[in-house]
Number of protein chains: 2
Amino acid sequence: MDTLELAGRTFRVTRARASDVPALVGLLADDVLGRGREGEAMEPYLRAFEQIHADPHQLLVAVRDEDEQIAATVQLTLLPGLSRGGATRLQIEAVRVGASARGTGLGSAVLAWAHDWGRAHGATLAQLTTDGSRTDAHRFYERLGYEPSHVGFKRPL
Amino acid sequence: MDTLELAGRTFRVTRARASDVPALVGLLADDVLGRGREGEAMEPYLRAFEQIHADPHQLLVAVRDEDEQIAATVQLTLLPGLSRGGATRLQIEAVRVGASARGTGLGSAVLAWAHDWGRAHGATLAQLTTDGSRTDAHRFYERLGYEPSHVGFKRPL
């Protein structure tokens with residue numbers, strides 16, 4: 001889809017394929033919070049992938065490095081809504097940058113790419129939540145122009 | 001779709017129709033934060049309504065009272081995702097209860113209905129954000145079993 005040139009390296013932003021699912025789950029699990037909540041069996045992840053892939057309002061991004069390894073991921077959803085003058089929101093979930101790409105600015109570049117994708121699809125507001133304990137992530141999003149204006153509530157069903 | 005009996009009153013949970021849009025926007029605008037950000041012209045809201053209505057992962061709820069007046073609203077979205085074991089999330093947006101129904105417990109009943117709808121569609125986690133200034137809403141969601149575990153970031157695009 002697009003190429004990102006960063007710190008002498010080249011990354012490609014692509015739509016994730018089913019064959020990427022194990023590597024994407026690996027990225028999710030390689031995380032202080034993800035470690036305890038991701039499983040070994042791939043079936044539930046593949047079912048979830050098929051649902052995301054079939055939904056035209058969703059884009060699961062796989063960012064590939066020069067060796068076709070997955071270096072980062074983000075899940076984007078277009079949320080039309082009545083509030084704020086009928087604004088479409090860009091919902092951003094599951095942002096992860098792999099250890100091999102940290103320090104290259106890939107996280108910021110992927111978010112900038114995501115914002116462009118949202119604008120191109122009519123979104124006028126980006127929104128995401130991060131766990132209260134991820135203080136580095138909070139600084140990262142504030143540098144990218146985000147305001148920590150809301151409290152994010154979660155509840156098991 | 002379903003009937004809610006509360007404080008001697010009867011409310012019906014229905015899928016919103018295009019003809020409900022002015023009343024729904026009225027509910028959004030009758031709010032300390034909504035007041036400044038909703039407009040007069042209905043066209044952008046009707047366009048947003050059509051997008052929501054056409055999306056099988058979305059349900060815009062209009063709760064009607066005994067006189068068919070809209071007493072409350074909520075927008076529900078099913079968000080499949082890879083993280084947390086391939087969990088589907090129930091994203092909850094734009095919760096509003098009209099002045100005529102306040103004190104009847106309608107807000108709690110509508111959220112409980114939303115949780116049931118999410119479970120029936122495979123969701124295992126509900127999530128929402130509220131503006132940091134809405135301290136009454138924070139207590140309301142905590143009473144309903146929500147944890148304020150996350151920071152909600154927003155950014156204009």
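The values are calculated or read from the model by the stated rules, or taken from the named source; none is laboratory data. Every value quoted in this text rests on a predicted model; they were computed, and no experiment measured them. Cβ: placed from backbone, ideal geometry, glycine included. Neighbour counts: every protein chain shown. Note: accessible area is taken over every heavy atom of the protein model, side chains too, but ligands, DNA and RNA are not part of it. Shrake-Rupley method; radii C 1.70, N 1.55, O 1.52, S 1.80 Å.
Do the conditions hold for residue B:47, that is, is it closer than 21 Å to residue B:95 by Cβ and either open to solvent by 40 Å² or more (accessible area, probe 1.4 Å) or of a type in the set (A, V, I, L, M) (or both)? So residue B:47 does not fit the description; no. Restricting attention to region A:141-157, the residues being over 20 Å from residue A:108 (Cα atoms) and either more than 7 Å from chain B (Cβ to nearest Cβ) or in a strand (DSSP E or B) (or both) number 8. Within this structure, residue B:82 fails the test of being touching a helix residue (DSSP H, G or I) at 6+ places or on another chain (Cβ under 9 Å) and under 22 Å from residue A:150 (Cα atoms). Consider region B:9-25 and keep the residues that are more than 13 Å from chain A (Cβ to nearest Cβ) and of a type in the set (A, V, I, L, M, F, W, C). The one that is nearest to residue B:92 (Cα to Cα) is B:13. Exactly one residue out of B:6, B:28 is touching a Gly at 6+ places or on another chain (Cβ under 8 Å), within 12 Å of chain A (Cβ to nearest Cβ) and either surrounded by 14 or more Cβ atoms within 10 Å (Cβ to Cβ) or over 25 Å from residue B:131 (Cα atoms) (or both): that is B:28. Being polar (S, T, N, Q), open to solvent by 30 Å² or more (accessible area, probe 1.4 Å) and touching a strand residue (DSSP E or B) at 6+ places or on another chain (Cβ under 8 Å) is not true of residue A:83. A single member of A:54, A:62 is more than 7 Å from chain B (Cβ to nearest Cβ) and without any contact (Cβ under 8 Å) to a residue 24 or more places away in the chain, and it is A:54. The condition of being at pLDDT 95 or above and either surrounded by fewer than 21 Cβ atoms within 10 Å (Cβ to Cβ) or not in a helix (DSSP H, G or I) (or both) does not hold for residue B:41. If you go through region B:142-153 and pick out every residue that is open to solvent by less than 50 Å² (accessible area, probe 1.4 Å) and touching a residue at least 24 places away in the same chain (Cβ under 8 Å), you end up with 1.
For region B:31-51, a residue qualifies if it is without any contact (Cβ under 8 Å) to a residue 12 or more places away in the chain, more than 26 Å from residue B:134 (Cβ to Cβ) and more than 7 Å from chain A (Cβ to nearest Cβ), and the qualifying residues are B:41, B:43.
Selection of region B:65-78 for residues being in contact (Cβ under 8 Å) with a residue 24 or more places away in the chain and either surrounded by 14 or more Cβ atoms within 10 Å (Cβ to Cβ) or under 15 Å from residue A:83 (Cα atoms) (or both) yields B:65, B:70, B:71, B:72, B:73, B:74, B:76, B:78.
Picking from residues in region B:117-153 that are modelled with pLDDT of 95 or more and basic (Lys, Arg), the one that is farthest from residue A:132 (Cα to Cα) is B:119.
Evaluation of residue A:89 against the conditions (1) more than 10 Å from chain B (Cβ to nearest Cβ); (2) touching a strand residue (DSSP E or B) at 6+ places or on another chain (Cβ under 9 Å); (3) among the charged types (D, E, K, R) shows that the sole unmet condition is (1). Contact map, region A:114-140: first residue within 7 Å of another protein chain (Cβ to nearest Cβ) and open to solvent by less than 80 Å² (accessible area, probe 1.4 Å), second residue among the aromatic types (Phe, Trp, Tyr) and not in a helix (DSSP H, G or I), Cβ cut-off under 6 Å, separation 6 or more or different chains; pairs are A:128/B:153.
Can you find even one residue in region B:17-28 that is of a type outside the set (Gly, Ala, Ser) and assigned to a loop (DSSP other than H, G, I, E, B)? Checked region B:17-28: at least one residue is of a type outside the set (Gly, Ala, Ser) and assigned to a loop (DSSP other than H, G, I, E, B).
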